Amino acid sequence: MDFLIDTWTGLPTVVQILAKIVLIAVPIMLTVAYLTLAERKVIGYMQVRIGPNRVGPRGLLQPIADGIKLAFKEIIIPTNANKALFIMGPLLALAPALAAWAVIPFDEPLILADIDAGLLYILALTSGSVYGIIFAGWASNSKYAFLGALRSAAQVVSYEIAMGFALVCVLMAGGSLNLRDIVLAQQGGVWTWFWLPLLPMFIVYFLSGVAETNRAPFDVAEGESEIVAGFHVEYSGMTFALFFLAEYANMILISALTALMFFGGWLSPFQGIPVLEAWFAWVPGMVWLFAKMAVFLFLFLWFRATFPRYRYDQIMRLGWKVFLPVTLIWIPVLGVWIMLGIWPFH
Amino acid sequence: MAIEPVIFWVFSTILVLSAGAVVTVRNPVHAVIFLVLAFFTSAAIWILLEAEFLALALVLVYVGAVMVLFLFVVMMLDINVAPLREGFVRNLWVGIPVLAIVIYELWVVVGEKQFGLDKVAAPAGHAADYSNTKELGGILYTVYMYPFELAAVILLVAIVAAIALTLRRRPQTRYQDPAQQVLVKRGDRVRLVKMAAEKKQ
């Protein structure tokens, strides 16, 4: 064990960081693969079907088969497409979804880049992911794709505002932009996690997150009943798979952020409860974080199986006329609350 | 070897090249994309200056929101740039001297005579617990309180003006009332009719 630690600390910093990046990115990719399977299975059971069950035991190898199939498909670039941007679109969609993981704390010491402005970094990066969709829509030189891109751009920009204000509330309550400090500020059991004092913000943030990832019921950017498949209608093979990966990686990211900012991240839910706290003291914090993320990911799938797609004007109304005023009111309310030092803020 | 100069030169090269491409590329959409790249790389250079709040705010506001809408508009407009460039060579004899004067003026104002290392020492790195966000917040809400509030009010006036320009009731516009839509009952839309069965003749 000592030998291993010595070799690790002996490595150059760049190699260490690269190894950590691989340790974060590879599990995310695997999670994405099995999230697609989970989605098909969950929605299947909700609709009284079985879902994929042919490839491997109980269909467990289905995502691998899908990946191999997509990797060997031909990438078709439309004749009049703008080639450079057409290829850049999917790359730009995936890159921010992965880069944002740099500041996610998995446990108190387990964090790749413990930067001060972590929350701002995440907001800045996720706001950049819309470029992938716009590039794809425009470079495809197709009407369906362009319509999808325009819808998506307007939607993402609208919901980002409500999302940003919800995060302002989180940073007011946590007193920091650093994600680790935000989690530590929630210490003290389920009732002091920020979901309770910031309940409206939690709802606004999570629903805006669903809208930001263009998931059902906010998936008008794809809208297969109206515009075929929206911005990625011209994509095939691996370029299409990258959009898919980006969407699911973003879902996992939003779940992780919701767990960190409103549900105490790696903190145990039994904190402060006499007997249970001691019983569950051996559980590593990461397990709690992953459990919380799994709940939110399940919500994503559940939404998709339950709600019909919003009409476009309803999406805009929800974003601008419901979420935005709620956040704008909650900021002064929260300010007074913190200044007066009423529970749970001292 | 220190890594900062490498990062600086790489990013400033990209910045200058992309800024040049903004005005030289033919396709307006490409020009906007190069502008985005220029914003992004200048944000990276700001991070090198330990101004992470400004850098991230630049990415968030300009790259993430303003340029998206800008790109949106440029893509929709579908501008044909060929006629716009017709006089390029003809006007070059005006353009080049103007460019030379601008460069000279810039050099006079921000050249090494004013900002050389003998005039302004290289800034020392901050301590590990230095937080750019905290410092900015402290200064903004104490020393620059009134200018900050003033800027906010001016922006608010601009928002109100923009909304006032578009907010006019036109008689032919039809509005929806979501509350009414939600309150609709089945009986409002469907009428079940009971009829006696008819016999075929």
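Given the structure, is A:S208 in contact (Cβ under 8 Å) with a residue 60 or more places away in the chain, small (G, A, S) and buried (at least 23 other Cβ atoms within 10 Å of the Cβ)? It would help to see each step written out before you state the result.
On the way: in contact (Cβ under 8 Å) with a residue 60 or more places away in the chain: yes; small (G, A, S): yes; buried (at least 23 other Cβ atoms within 10 Å of the Cβ): yes.
For A:S208, the condition - in contact (Cβ under 8 Å) with a residue 60 or more places away in the chain, small (G, A, S) and buried (at least 23 other Cβ atoms within 10 Å of the Cβ) - is met.
Quick one: which residue in B:K185, B:K119, B:K113 is more than 14 Å from chain A (Cβ to nearest Cβ), surrounded by 10 or more Cβ atoms within 10 Å (Cβ to Cβ), farther than 30 Å from A:G118 by Cα and among the charged types (D, E, K, R)?
Numbers: B:K185 fails: surrounded by 10 or more Cβ atoms within 10 Å (Cβ to Cβ); B:K119 fails: surrounded by 10 or more Cβ atoms within 10 Å (Cβ to Cβ).
The match here is B:K113.
Looking at region A:68-89, is at least one residue among the basic types (K, R), away from chain B (no Cβ under 14 Å), out of contact with any Phe, Trp or Tyr (no Cβ under 6 Å at 6 or more places or on another chain) and in a loop (DSSP other than H, G, I, E, B)?
Of region A:68-89, the ones among the basic types (K, R) are A:69, A:73, A:83.
Now narrow it down to the ones that are away from chain B (no Cβ under 14 Å): A:69, A:73.
Subsequent filtering for residues that are out of contact with any Phe, Trp or Tyr (no Cβ under 6 Å at 6 or more places or on another chain) retains A:69, A:73.
Restricting the remaining residues to those that are in a loop (DSSP other than H, G, I, E, B) gives A:73.
Within region A:68-89, one or more residues are among the basic types (K, R), away from chain B (no Cβ under 14 Å), out of contact with any Phe, Trp or Tyr (no Cβ under 6 Å at 6 or more places or on another chain) and in a loop (DSSP other than H, G, I, E, B).
Could you tell me whether any residue of region A:263-271 is assigned to a helix (DSSP H, G or I), within 23 Å of A:D181 (Cβ to Cβ) and modelled with pLDDT under 80?
Just the residues of region A:263-271 that are assigned to a helix (DSSP H, G or I), to begin with: none.
Checking region A:263-271: not a single residue is assigned to a helix (DSSP H, G or I), within 23 Å of A:D181 (Cβ to Cβ) and modelled with pLDDT under 80.
Every residue in region A:113-154 that is surrounded by fewer than 24 Cβ atoms within 10 Å (Cβ to Cβ), more than 9 Å from chain B (Cβ to nearest Cβ) and either in contact with an Asp or Glu (Cβ under 9 Å, 6 or more places away or on another chain) or not in a helix (DSSP H, G or I) (or both), please.
If the condition is that a residue be surrounded by fewer than 24 Cβ atoms within 10 Å (Cβ to Cβ), more than 9 Å from chain B (Cβ to nearest Cβ) and either in contact with an Asp or Glu (Cβ under 9 Å, 6 or more places away or on another chain) or not in a helix (DSSP H, G or I) (or both), then A:A113, A:D114, A:N141, A:S142, A:Y144, A:L147 are the ones that fit.
For residues in region B:126-164 being among the acidic types (D, E) and within 14 Å of chain A (Cβ to nearest Cβ), which is nearest to B:F53 (Cα to Cα)?
If we filter region B:126-164 for residues that are among the acidic types (D, E), which is where we start, we get B:129, B:135, B:149.
Then drop every residue that is not within 14 Å of chain A (Cβ to nearest Cβ), which leaves B:129, B:135.
On the way: B:D129: 15, B:E135: 10 Å.
So, considering only residues that are among the acidic types (D, E) and within 14 Å of chain A (Cβ to nearest Cβ), the one nearest to B:F53 (Cα to Cα) is B:E135.
Criterion first (within 23 Å of B:V68 (Cα to Cα) and within 14 Å of another protein chain (Cβ to nearest Cβ)) does A:G230 satisfy it? Step through it out loud before you land on a result.
On the way: within 23 Å of B:V68 (Cα to Cα): yes; within 14 Å of another protein chain (Cβ to nearest Cβ): no.
Judged against the criteria, A:G230 is not a match.
If the requirement is being at pLDDT 85 or above, among the β-branched types (V, I, T) and closer than 30 Å to B:F34 by Cα, which of these qualifies: A:I115, A:I50, A:I75, A:I87? Break it down into steps so the answer makes sense when it comes.
Details: A:I115 fails: at pLDDT 85 or above; A:I50 fails: closer than 30 Å to B:F34 by Cα; A:I75 fails: at pLDDT 85 or above.
Within the list A:I115, A:I50, A:I75, A:I87, the selection yields A:I87.
Quick one: which residue in B:V190, B:V153, B:V143 is β-branched (V, I, T) and farther than 30 Å from A:S176 by Cβ?
The match here is B:V190.
Quickly run through region B:17-71 and pick out the residues that are in contact with a Phe, Trp or Tyr (Cβ under 7 Å, 6 or more places away or on another chain) and away from chain A (no Cβ under 11 Å).
Scanning region B:17-71 gives B:S18, B:A21, B:V22, B:V25, B:T41, B:A44, B:I45, B:L48.
The values are calculated or read from the model by the stated rules, or taken from the named source; none is laboratory data. The structure presented is a predicted model; accordingly, all values stated were derived computationally and were not measured. With ideal geometry, Cβ positions are generated from the backbone for all residues, glycine too; neighbour counts draw on all protein chains shown.
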